[in-house]
Amino acid sequence: MKTTCFRLCLLFILFKLDIHAMDFSFYLECPPNLTIQCTDDVSNLDKYGQAYVWLNYKKKPLAAKTTIYNTNACGIGTITRTWEAEDPYWKIHTCSQIITVTGSILFSGKDIFWPRDTSIEGCNPNPDPKNLPYGYAYPQFNRLKCSQAMYSYKDSKFTVSAGCMKVLREWKVIDWCQYVPNKYPAVGQWSYIQVIKLVVNDSSAVLNCPKDTLVDTKLDCKSTYVQLTPATAVSKCGNALVIRNTSPYSKSKGADASGDYPLGTTEFYFYAEYGCGKELKCKVRVTVRNKIGPIPYCLNGLIVALMPVDTNKDGTPDDGMVQIWAKDFNLGSYHPCGYKQLKFSFSEDTSHMSQVYTCADLGKNEVRMYVTDSLGNQSFCKTYVEIQNNNARIPDCKRKDSITTSTVLIAGLVLDPTGNPCPGIVTRLIGETTSTINVHTDTIIKTKYDTIVAPSGTVFYIRRQDTSYATKSDTSYQIWEKELATASDGKYTYSKLAKSKNYTLSLDRRESEFKGININDVIVLLKHIIGTEKLTDPYKLLAADVNGDELVDQSDFDLLYDLVLGIADYQTLSKHWRLLRKPILFKDPFNPFTTPMEASVDFKAVQIDYPQVNFTAVKIGELDGFDGLAQIQDRSKDLNKTVTGNMSELVVYPNPVSQQQVYFNFNLNQKSQVNIRFYNQQMQLVKRISSSFEKGSQHLEVNLSDVQATGILFYELTDGSSNLYGKLIYSK
């Protein structure tokens with residue numbers, strides 16, 4: 001009993017001592033509970049409070065024993081931190097801190113950066129987002145804390161035209177921390193439509209158009225059906241190009257522009273569309289000529305009396321003469337198409353409107369009355385004129401056939417295509433080859449001696465001479481030839497030519513120096529070749545054939561350019577001039593080389609005069625105007641200073657170009673938008689630059705590294721009203 005009481009007393013004393021120690025020497029201090037946002041950083045929870053152990057009035061930090069995260073996928077919930085400490089008397093002390101995480105700041109549409117609209121070009125453009133650059137591929141999010149944002153998309157494709165497609169990509173973003181299914185308006189869901197344009201950019205696409213066409217109508221006075229070759233478009237990308245034409249007379253508006261075309265020239269375009277609004281185009285000319293000739297009606301003969309002519313003023317008529325006009329034989333000729341302006345002539349030459357008859361034409365003479373319309377179509381009818389010597393009583397008035405005169409003349413006129421005379425053209429008339437037999441007679445004398453012996457024995461010698469003659473003959477041949485240059489009025493005349501002989505007349509001219517051609521002619525030829533301003537005058541097309549191969553192409557431009565620069569020798573040209581017999585009607589004005597062109601004329605057994613053997617002279621290389629030989633003056637050959645319109649003083653350097661950089665210096669009279677185009681030797685566009693320049697001197701640097709061509713490059717500078725052209729030699 002005593003032992004039990006002792007133990008109880010001891011425990012009571014110890015308990016008292018323990019309480020005393022806890023109150024004054026040991027204490028566990030915990031941080032308070034608090035609330036934070038889900039956007040706050042929870043990687044280091046000590047910044048939200050720390051526990052301390054107080055022992056004997058000294059404080060020591062204590063690490064949490066457990067940390068329990070009771071949050072959802074969006075980071076919202078509670079975080080419980082628990083600390084545990086044992087005092088010196090082996091008693092365990094615990095405390096906890098509860099951190100409540102809330103989501104009052106929610107993910108919204110402002111946190112989404114949607115992909116931007118874009119355009120994809122190529123042979124086969126691919127809109128897959130993984131092939132698109134940053135900012136155009138996927139949605140980007142400003143913040144992902146407190147959210148579970150995910151995206152998806154759906155494409156709707158629309159074909160605008162061949163090679164052009166529009167993709168409407170509908171993006172949808174859902175925040176699974178907020179999303180409420182089947183809720184309207186949507187909660188936690190956002191959508192956006194991205195527009196993607198797919199453009200088939202086919203730089204290899206080529207549009208092949210029919211050639212300019214010339215058709216003659218011989219039945220219908222107003223129009224005729226023209227069958228054209230359909231245009232075709234070729235694409236290495238394999239995309240079909242839609243072709244259309246702008247001809248107002250085509251039966252269809254597609255690749256085939258065939259249809260009923262009126263008289264005259266119709267110009268229209270073929271367009272091949274590809275990509276989104278990109279086009280290839282080419283211009284086509286269809287020319288319909290009226291080849292319906294007039295209907296001629298002639299009088300059935302005309303009797304005309306000669307008028308006396310007293311050339312020596314002695315009171316006695318020396319000859320008779322009368323002038324008759326071709327229209328005097330007209331008996332109601334007309335044109336079935338109603339053309340009123342008809343010309344009447346005695347030959348195909350419409351200027352041969354009258355004919356002078358003299359005593360040499362006494363009696364009946366067959367004539368042809370030619371009727372020519374305003375388009376050059378001709379028809380003729382045959383009749384006769386009877387020349388009489390009645391009241392005039394001209395003595396010794398006889399028909400030419402009975403007169404022994406044996407001379408005729410050949411004469412004519414040489415003009416340029418505009419009608420200006422061409423002096424200095426060399427004409428050469430070659431006649432028949434004549435032969436002369438030369439007979440030579442030689443006298444041969446031989447001396448002989450005869451011996452006679454007399455009976456007396458005397459010897460007598462008798463000398464005798466025999467004379468003989470030897471005749472020899474040889475033949476010498478001569479070619480009759482005469483040469484004349486045309487006078488200042490372009491005329492030439494060969495008179496007193498023997499009748500019944502054959503003659504050949506030829507014309508030529510070689511220039512001793514380079515005159516009358518300059519950079520302006522080069523520019524005209526360049527415009528024709530690149531297609532910006534085609535030559536339509538057949539005489540200018542003949543002048544553009546510089547190398548004489550009966551084609552107008554790049555080689556002619558190169559040669560003309562080198563001639564103007566002085567690189568090529570002008571004397572190496574096969575021709576300086578083309579001489580054409582008049583009148584000449586070109587079968588195809590767009591290709592005059594298909595028409596036979598006579599540079600010489602043959603006259604067989606000449607019996608009559610030929611007073612109008614006329615020619616047209618075309619100077620090779622003269623393209624910006626036919627000035628006539630008499631008016632041609634030297635023109636500047638300076639290609640580095642060209643003045644034309646608003647732009648002037650063009651200087652291009654270096655040339656040749658080997659470092660990919662070329663510099664253009666030029667002057668503008670006013671502020672302008674200037675376009676620079678570069679073409680390869682096939683006259684295909686290989687580079688284009690457009691820029692705005694102020695008034696005054698300009699300096700432009702151009703990098704040619706992206707030009708897929710070497711050799712000769714042609715450039716064109718234009719401000720819409722004036723143009724500068726030139727050529728570069730480019731090597732990479």
**Request:** Using Cα pairs closer than 8 Å and at least 6 residues apart in sequence, work out the relative contact order for the chain, in percent.
**Result:** 7
**Asked** Of [x] 38.5; [y] 40.5; [z] 29.5, which is the value of Kirkwood radius over Cα pairs in Å derived from the coordinates here?
**Response** [x]
**Fill in**
Fewest to most Cβ atoms within 10 Å: SER721, SER235 sort as SER721, SER235
**Message:** Taking the Cα centroid of segment 562-582 and of segment 84-146, what is the distance between the two, rounded to the nearest whole Å?
**Reply:** 81
**10 Å Cβ shell holding at most 11 others, DSSP loop, chymotrypsin sites (Phe, Trp or Tyr not before Pro): longest site-free stretch of the chain** = 135-732
**Asked** In what sequence do GLU622, GLU483 fall when counting other Cβ within 10 Å, fewest first?
**Response** GLU483, GLU622
**Prompt:** Among GLU511, GLU694, which comes first, then next, by fewest other beta-carbon atoms within 10 Å?
**Reply:** GLU694, GLU511
**Asked** With respect to the cross-link table entries LYS534/LYS732; LYS291/LYS343; LYS222/LYS291; LYS253/LYS278; LYS253/LYS283; LYS211/LYS281, which display a Cα-Cα separation exceeding 23 Å?
**Response** LYS534/LYS732
**Among THR71, GLY264, THR372 the positive-end extreme of the charge dipole of the chain (Cβ point charges)** = THR71
**Across LYS382/LYS604; LYS582/LYS727; LYS65/LYS145; LYS110/LYS183, pairs whose alpha-carbon gap is larger than 29 Å** = LYS582/LYS727
**Prompt:** Cα centroid distance between segment 314-391 and segment 269-310, in Å?
**Reply:** 25
**Request:** Would you mind computing, in nm to one decimal, how far apart the modelled labels at ASP310 and THR102 are, each placed 7 Å from Cα along Cα→Cβ?
**Result:** 14.4
**Prompt:** Reachable aspartates and glutamates from LYS157, Cα under 17 Å, same-chain residues fewer than 8 places away excluded?
**Reply:** ASP117, GLU121, ASP128, GLU170
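Trypsin sites (Lys or Arg not before Pro), restricted to segment 272-342: which are DSSP loop and have at most 10 other Cβ atoms within 10 Å? Mind showing how you got there, number by number?
On the way: sites: LYS278, LYS281, LYS283, ARG285, ARG289, LYS291, LYS313, LYS327, LYS340; in loops: LYS291, LYS313, LYS340.
Here the trypsin sites (Lys or Arg not before Pro) that fit, given the DSSP loop and packing criteria, are LYS313, LYS340.
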**Message:** Need the full-extension length gain, LYS291 to ASN420, defined as separation in residues times 0.36 nm minus the C-alpha distance. One decimal, nm.
**Reply:** 43.6 nm
**Computed over segment 668-732, the ratio Rg/Rh where both radii use C-alpha atoms and Rh is Kirkwood** = 0.99
**Partners for LYS218 among aspartates and glutamates (Cα-Cα distance below 18 Å; same-chain residues under 8 apart left out)** = ASP260, ASP373, ASP588
**Potential extension, GLN341-ASN182 segment - 0.36 nm per residue separation minus Cα distance** = 48.4 nm
**Item:** Expected 222 nm ellipticity per residue - DSSP helices of 4 or more, -39500 (n - 2.57), all of the chain, to 500
**Value:** -2500 deg cm²/dmol
**Message:** Whole angstrom only: what separates the Cα centroid of segment 152-231 from the Cα centroid of segment 501-554?
**Reply:** 48
**Asked** In segment 519-599, how does Rg compare with the Kirkwood Rh, expressed as the Rg/Rh ratio over alpha carbon atoms?
**Response** 0.97
**Request:** Could you tally the net charge around PHE107, taking each other residue with its Cβ under 12 Å from the Cβ of PHE107, Lys/Arg +1 and Asp/Glu -1?
**Result:** +1
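Where a number appears in this text, it was derived from the coordinates with a stated rule and is not lab data. Nothing here was measured: the structure is a model prediction, and the numbers come from that model. Here the Cβ is made from the backbone with ideal geometry for all residues, glycine too, and neighbour counts use every protein chain on show.
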